[in-house]
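To start, the structure itself, in C-alpha cells.
The values are calculated or read from the model by the stated rules, or taken from the named source; none is laboratory data. Just so it is clear, the model here is predicted, and its values are computed rather than measured. Virtual Cβ from ideal backbone geometry, glycine too; neighbours counted across all protein chains shown.
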Amino acid sequence: MITPAHYIVLSAALFIIGVIGVMVRRNIIIIFMSIELILNAVNINLIAFSHQWQNVIGQVFAIFVIAVAAAEAAVGLGIILAFYRNKETVNIDEMNLLKW
Amino acid sequence: MAEAIAFYALSVLILGFAILVVSTRNTVHSVLFLVLNFLCVAALYVTLGAEFLAVIQVLVYAGGIVVLYLFVVMLVNLKRPPETHQDPRRQTLTGFVLAGLVLGELVAIAVYSALPPTPTGGVASVQGGNVERVGYALYVDYLIPFEVASMLLLVAMIGAIVLAKKEL
C-alpha cells in the first residue's frame with residue numbers, strides 16, 4: 001500500500017538531491033538543472049496530495065509551477081548567455097560582480 | 001501490489017537519474033539524464049491519475065525546457081570546463097552541511113505532520129476525465145491566476161529576448 005508518506009519521502013529525497021546540486025556544483029547550467037529537480041519534487045507532492053484527496057486543484061497548481069519553471073528557465077538561461085558573452089565563463093565562483 | 005511495484009521502480013529511476021544529473025562531469029550527459037528523470041516523473045504522474053499533467057510534463061519539460069538547456073550548453077562552448085577552476089575559499093563541506101540541515105528540517109516537518117494513512121478511493125470513479133476536470137478548475141475557478149501566469153510567461157519571453165540580444 002503506497003501512502004502519501006511514501007510520496008513525501010520520494011519528493012524530499014529529490015528535493016535534497018537538488019539542494020546538494022545547487023550547493024556543491026560550480027557549473028551554473030547544472031545549478032539551474034538542480035533547481036528544475038527541486039520544482040519537480042514540489043510537483044510530485046502536489047500531485048500526490050491531489051490524488052489522496054481526489055481534488056484536482058493540486059494539479060492546477062502543479063501547472064502553475066510548471067509555467068513558473070519555464071519562465072525561470074528562459075530568463076535564467078538568457079542571463080547565462082549574456083554573462084558568458086562578457087566573461088567567457090559559466091563558473092559561479094567567477095560570477096561576483098555584485099558581491100560587495 | 002502493482003501500484004507498489006510501479007512506485008518503487010519509478011522512485012529508484014527518478015532518484016538515480018537525479019543523482020546522475022547532479023554528479024555527471026559532462027554537462028550534455030547531465031541534460032540527457034534530466035530528460036530521463038522528467039520522463040520517469042511523468043510516468044509517476046500517470047500512476048497517480050494525473051494524465052494531463054504527465055502530458056504537460058513531457059511536452060513542456062522534456063520537450064521545451066530541456067531543448068533550451070541543450071541549446072545553451074551548445075552555445076556556451078566550454079574551452080575550459082568550469083570545474084577545473086578551484087576557488088580556495090570555496091566551502092563544499094559547508095554546502096553539504098547546509099543540504100543536510102534542509103534534510104533534517106524536511107524530516108522534522110514530515111514527522112510532525114504525519115497523518116494516519118487514509119485509504120484512497122478508486123481514481124476512475126470521479127465524474128469526467130482528468131483533462132476535463134483540470135480544464136474546468138483552470139478556466140472557471142482559477143481563471144485570474146491562469147491569466148496572470150500567461151502574463152508571467154509573456155514577460156519572461158520578452159526578458160529572455162532582451163537579455164540574449166547582441167548588445168545589452
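Which residue out of A:L39, A:L98, A:L77, A:L81 is within 24 Å of B:M157 (Cα to Cα) and either in contact (Cβ under 8 Å) with a residue 40 or more places away in the chain or assigned to a loop (DSSP other than H, G, I, E, B) (or both)?
The unique qualifying residue is A:L77.
Quick one: in region A:51-63, which of the residues that are within 7 Å of chain B (Cβ to nearest Cβ) and in a helix (DSSP H, G or I) is surrounded by the fewest Cβ atoms within 10 Å (Cβ to Cβ)?
First, pick out the residues of region A:51-63 that are within 7 Å of chain B (Cβ to nearest Cβ): A:51-52, A:54, A:56-57, A:59-60, A:62-63.
In the following step, the residues that additionally are in a helix (DSSP H, G or I) were identified as A:51-52, A:57, A:59-60, A:62-63.
Values: A:H51: 22, A:Q52: 19, A:I57: 17, A:Q59: 26, A:V60: 23, A:A62: 26, A:I63: 22.
The selected residue is A:I57.
Quick one: A:M1 ticks every box in (1) assigned to a helix (DSSP H, G or I); (2) at the interface with chain B (Cβ under 8 Å from one of its Cβ atoms) bar one, so which box is it?
(1)
Conditions (1) at the interface with chain B (Cβ under 7 Å from one of its Cβ atoms); (2) farther than 25 Å from B:N37 by Cβ, marked per residue:
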{"site": "A:V19", "(1), (2)": "yes, no"}
{"site": "A:N27", "(1), (2)": "yes, no"}
{"site": "A:N40", "(1), (2)": "yes, no"}
{"site": "A:L46", "(1), (2)": "no, no"}
{"site": "A:A71", "(1), (2)": "yes, no"}
{"site": "A:R85", "(1), (2)": "no, yes"}
{"site": "A:L98", "(1), (2)": "no, yes"}
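From the residues in region B:128-168 that are touching a helix residue (DSSP H, G or I) at 6+ places or on another chain (Cβ under 6 Å) and of a type in the set (V, I, T), which one is surrounded by the most Cβ atoms within 10 Å (Cβ to Cβ)?
Going residue by residue through region B:128-168, those that are touching a helix residue (DSSP H, G or I) at 6+ places or on another chain (Cβ under 6 Å) are B:130-131, B:134, B:137-138, B:142, B:146, B:149, B:152-153, B:156, B:159-160, B:163-164, B:168.
Keeping just the survivors that are of a type in the set (V, I, T) gives B:131, B:134.
Values: B:V131: 12, B:V134: 23.
Looking at the filtered set, the residue picked out is B:V134.
Can you tell me which residues in region B:41-57 are in contact with a Gly (Cβ under 9 Å, 6 or more places away or on another chain) and either within 20 Å of A:I2 (Cβ to Cβ) or crowded, with 23+ Cβ neighbours inside 10 Å (or both)? Before the answer, list the steps.
If we filter region B:41-57 for residues that are in contact with a Gly (Cβ under 9 Å, 6 or more places away or on another chain), which is where we start, we get B:50-52.
Residues satisfying the conditions are B:A50, B:E51.
Please specify each residue of region B:71-90 satisfying the condition of being at pLDDT 75 or above, more than 7 Å from chain A (Cβ to nearest Cβ) and surrounded by 12 or more Cβ atoms within 10 Å (Cβ to Cβ).
Of the residues in region B:71-90, the ones at pLDDT 75 or above are B:71-76.
From the residues that got through so far, the ones that are more than 7 Å from chain A (Cβ to nearest Cβ) too are B:71, B:74.
B:F71, the sole residue that qualifies.
Any idea how many residues of region A:21-36 are free of Cβ contacts under 8 Å to residues at least 12 places away in the same chain and part of a helix (DSSP H, G or I)?
Pass one, region A:21-36, residues free of Cβ contacts under 8 Å to residues at least 12 places away in the same chain: A:23-25, A:30.
Filter once more, so that each one left must be part of a helix (DSSP H, G or I): A:23-24, A:30.
So the answer is 3.
Does B:V58 satisfy being touching a Phe, Trp or Tyr at 6+ places or on another chain (Cβ under 9 Å), within 15 Å of A:G21 (Cα to Cα) and either in a helix (DSSP H, G or I) or not assigned by TED's automatic domain parsing to the domain that holds B:F96 (or both)? If you could, list the steps in order and put the result at the bottom.
Numbers: touching a Phe, Trp or Tyr at 6+ places or on another chain (Cβ under 9 Å): yes; within 15 Å of A:G21 (Cα to Cα): no; either in a helix (DSSP H, G or I) or not assigned by TED's automatic domain parsing to the domain that holds B:F96 (or both): yes.
It is false that B:V58 is touching a Phe, Trp or Tyr at 6+ places or on another chain (Cβ under 9 Å), within 15 Å of A:G21 (Cα to Cα) and either in a helix (DSSP H, G or I) or not assigned by TED's automatic domain parsing to the domain that holds B:F96 (or both).
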